[in-house]
Amino acid sequence: MQTETVETGGLYARVAVLASWGYRLVQISCTKTDSGMELTYSFEKDYEILHLRTYWTEDGTIPSIQALYWCAFIYENEIAELFGVTVADMAVDFKGQLYKTARPSPFGAGITIQEA
Amino acid sequence: MSEKMIMPFGPQHPVLPEPIHLSLVLQDEKVADVIPSIGFIHRGLEKLVEKKDFQEYTFVAERICGICSYIHGMGYCQAVENIMGLEVPARANFLRVIGGEFSRIHSHTLWLGLCADAFGFESLFMHTWRLREKILDLMEEITGGRVIFSHVKIGGVKSDVDALMANKILDILKELEPEFREITSIFLDNRTVRSRMSGVGALSEEEARKLGAVGPMLRASGVAYDLRTTGYAAYGQLDFEPIVEKDGDCMARCQVRIREIFQSMDLIRQAVGRLPAGPIDVPVKGNPDGEFMARLEQPRGEVVYYVKANGTKMLDRMRVRTPTFANLPPLIQVLKGSDLADVPVLILTIDPCISCTER
């Protein structure tokens, strides 16, 4: 799987280029790393997929891309609520109310599955 | 003009087989805004990869949803197979197409029944589901299951279709097709049905693209996007074109699904007719190491499986982006400005699968 790594600070500008080229936002996903989260933004045009990868640490923020892709609100709120990623300047911010979770950030760093 | 009020819709509602909550901001009888909330049945299945062997996880992936279970299993297996460099035998790929297309027929038929039920056409609902039962019976004979099939496994499929069963598939399709044509003609031609769906909830081609719509929701707005055309499994060896409608309204979404039922029948006939001889699986040796994103066309649209493996039996990550999740922003868009009375039908025409969304 080919990915293009971008700095968090340069993410918005790179996504803006893809938006201007007519790419569709496919998904945003999160994977735990030792120091925080690895984020993968997937875009598609004419069936070709392109992945942008950036990294988030607990003291950092990820820029919202809702101004470029309004539909990103569903993914950004998901990663904020389930993984505890801080997304800055979300136009549509559910403030933890999209998912009705019993505990904050159930997929976040340091959370492991408890045996029943 | 009256003041705005908020009306809760769901999580329990006669039109919703599964729970989702929508706060409808109403001005008189018009929907001014919509605020969705989910998570009522979230099961954290993605998190389970930390505790399940990657081969065992196929069973978990299938249980993401009871309607799309076949293609959920297939998508997960395709992602792992790609990471491991496994060459799935040609016969297994054709059998996956047969299973996947039967799954599409039963999903679309289920939707047609629910849609008829939503606008109060009970007899149409019952006749539609009568036909669906026959499809499920046949799937049970092929795979051994009616809801969870456990047919697809990493490296191939678990059971074969012999010549007798192949003929039976063709015979039953021949018998069912006229019945499907009769029932679906009511959806297409009946004045009552058309009055509930024509011109309701129109989404333009540009909006559909911009909002990230997938599946019949996207194709009903004139976009010929169907991942089966990328040729995964054995689709590359079959002849078909994406089904597209232009109007973008509820009726167009219904028409796309109906036409796809007959397209699926045709694809099954082609797959049965071209079923190559040979093995149905390959042995799986070692553990996956790497990452891959598989994309498939589920009945509800594009589904994405991202798998990241570390060389052990346990995966680092398995992420599913289901079609209903992608279709929530377009749903919010079509609900805005709609009449309150049209809300149930509008929600249904995205064919919401909350079980998938709450993976």
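How about the stretch B:34-133: which GluC sites (Glu not before Pro) there lie in a loop by DSSP and see at most 14 other Cβ atoms within 10 Å?
Numbers: sites: B:Glu46, B:Glu50, B:Glu56, B:Glu62, B:Glu81, B:Glu87, B:Glu101, B:Glu122, B:Glu133; in loops: B:Glu56, B:Glu87.
For GluC sites (Glu not before Pro) across the stretch B:34-133 that sit outside H, G, I, E and B with at most 14 neighbouring Cβ atoms in 10 Å, the list reads B:Glu56, B:Glu87.
Is there a pair in B:Lys52/B:Lys308; A:Lys95/B:Lys51; B:Lys210/B:Lys336; B:Lys153/B:Lys285; B:Lys210/B:Lys246 whose C-alpha atoms are over 19 Å apart, and which pairs would that be?
Details: B:Lys52/B:Lys308 14 Å; A:Lys95/B:Lys51 30 Å; B:Lys210/B:Lys336 16 Å; B:Lys153/B:Lys285 14 Å; B:Lys210/B:Lys246 16 Å.
Over 19 Å Cα-Cα: A:Lys95/B:Lys51.
For each of B:Val304, B:Val282, count neighbouring Cβ atoms within 10 Å of the residue's Cβ, then give the residues from fewest to most. It would help to have the intermediate numbers written out before the result.
Values: B:Val304 25, B:Val282 15.
The fewest-first ordering by Cβ neighbours comes to B:Val282, B:Val304.
What is the sum of charges, Lys and Arg at +1 and Asp and Glu at -1, for the other residues whose Cβ falls under 12 Å from the Cβ of B:Ala294?
On the way: positive: B:Arg295, B:Arg319, B:Arg321; negative: B:Glu81, B:Glu291, B:Glu297, B:Glu302.
With Lys, Arg at +1 and Asp, Glu at -1, the net is -1.
Put one equal scatterer on each alpha carbon of the stretch A:18-58, apply the Debye formula with no solvent term, and list log10 I(q)/I(0) at q = 0.22, 0.29 1/Å to two decimals.
The computed values of log10 I(q)/I(0) come out as -0.68, -0.91.
Report, in debye and to the nearest 20, how large the dipole of the stretch B:39-358 comes out about its Cα centre when Lys and Arg carry +1 and Asp and Glu carry -1 on their Cβ. Each step should come with its number before you reach the end.
Details: 39 positive and 43 negative charges, 105 e Å.
Dipole magnitude for the stretch B:39-358 comes out near 500 debye.
From the backbone phi of the stretch B:276-281, what are the Karplus-calculated ³J(HN,Hα) couplings (6.51 cos²θ - 1.76 cosθ + 1.60, θ = phi - 60°) in whole Hz, Gly and Pro given as x?
My calculation for the stretch B:276-281 gives x, 7, x, x, 10, 7 Hz in order.
For A:Lys100, give me every one of the lysines with a C-alpha distance below 18 angstrom, ignoring sequence neighbours fewer than eight places off in its own chain.
Those lysines meeting the cut-off are B:Lys47.
With the Cα gyration tensor of the stretch B:1-71 in hand, convert its eigenvalues to equivalent ellipsoid semi-axes via √(5λ) and list them largest first in whole Å. It would help to have the intermediate numbers written out before the result.
Values: eigenvalues 286, 30, 14 Å².
Three semi-axes, in Å: 38, 12, 8.
Average projected area of the Cα convex hull of chain A, in nm²?
Working: hull surface 32.7 nm².
Over every viewing direction, the Cα hull of chain A projects on average to 8.2 nm².
Using alpha-carbon positions, what is the distance between the centroids of the stretch B:1-63 and the stretch B:147-222, in Å?
23
Once amide H atoms are built 1.01 Å from N in the peptide plane, which residues 5 or more positions from B:Ala32, or in another chain, come under 5 Å H to H?
B:Val25, B:Leu26, B:Gln27, B:Gly337
Based on C-alpha coordinates, I'd like the Rg and Dmax of the stretch B:112-260, in Å.
Computed over the Cα atoms of the stretch B:112-260, radius of gyration and Dmax are 17.7, 49 Å.
If each Cα of the stretch B:182-290 is one equal point scatterer, what is log10 of I(q)/I(0) from the Debye formula at q = 0.12, 0.17, 0.22 Å⁻¹?
Those come out to -0.57, -0.88, -1.14, one per q.
Rounded to the nearest 500 deg cm²/dmol, what is the calculated helix-only ellipticity per residue at 222 nm for the protein assembly as shown, with -39500 (n - 2.57) per DSSP H run of length n ≥ 4? Numbers along the way, then the final one.
Values: 14 runs with 190 residues, N = 475.
Taking each H run of at least 4 residues, the total per residue is -13000 deg cm²/dmol.
Could you please tell me the mean projected area of the C-alpha convex hull for the stretch B:39-358, averaged over all directions and given in square nanometres to one decimal?
Numbers: hull surface 61.7 nm².
Seen from a random direction, the Cα hull of the stretch B:39-358 projects 15.4 nm² on average.
Per q in 0.07, 0.10, 0.11 Å⁻¹, report the Debye log10 I(q)/I(0) for the protein assembly as shown, using one uniform scatterer on each alpha carbon and no solvent.
Debye output, listed in q order: -0.35, -0.74, -0.90.
What GluC sites (Glu not before Pro) does the stretch A:1-91 have in DSSP loop regions with at most 11 other beta carbons within 10 Å?
Values: sites: A:Glu4, A:Glu7, A:Glu38, A:Glu44, A:Glu48, A:Glu58, A:Glu76, A:Glu78, A:Glu81; in loops: A:Glu7, A:Glu58.
Of the GluC sites (Glu not before Pro), the ones in loops of the stretch A:1-91 whose Cβ has at most 11 other Cβ atoms within 10 Å are A:Glu7.
Take the alpha-carbon centre of the stretch B:235-305, take the same for the stretch A:72-105, and report the distance between them in whole Å.
32
Rounded to whole Å and ordered largest first, report the semi-axes of the equivalent ellipsoid of the stretch B:91-198 derived from its Cα gyration tensor (root of 5λ). List each step's numbers first, then the result.
On the way: eigenvalues 187, 41, 24 Å².
The answer is 31, 14, 11 Å, longest axis first.
Would you work out the charge dipole size for the stretch A:2-88 about its Cα centre, treating the Cβ of every Lys and Arg as +1 and the Cβ of every Asp and Glu as -1, and quote it to the nearest 20 debye? Mind showing how you got there, number by number?
Details: 5 positive and 12 negative charges, 47 e Å.
Charge dipole, the stretch A:2-88, about its Cα centre: 220 debye, nearest 20.
Out of B:Gly286, B:Ile135, B:Val345, whose Cα points farthest toward the positive end of the dipole of the stretch B:39-358 (charges: +1 Lys, Arg; -1 Asp, Glu; placed on Cβ)?
Farthest along the dipole direction, towards plus: B:Gly286.
Values in this text are rule-based calculations from the coordinates and carry no lab data. Since we're looking at a predicted model, the values are computed, not measured. No Cβ is skipped: glycine too gets one built from the backbone with ideal geometry, and neighbour counts run over all protein chains shown.
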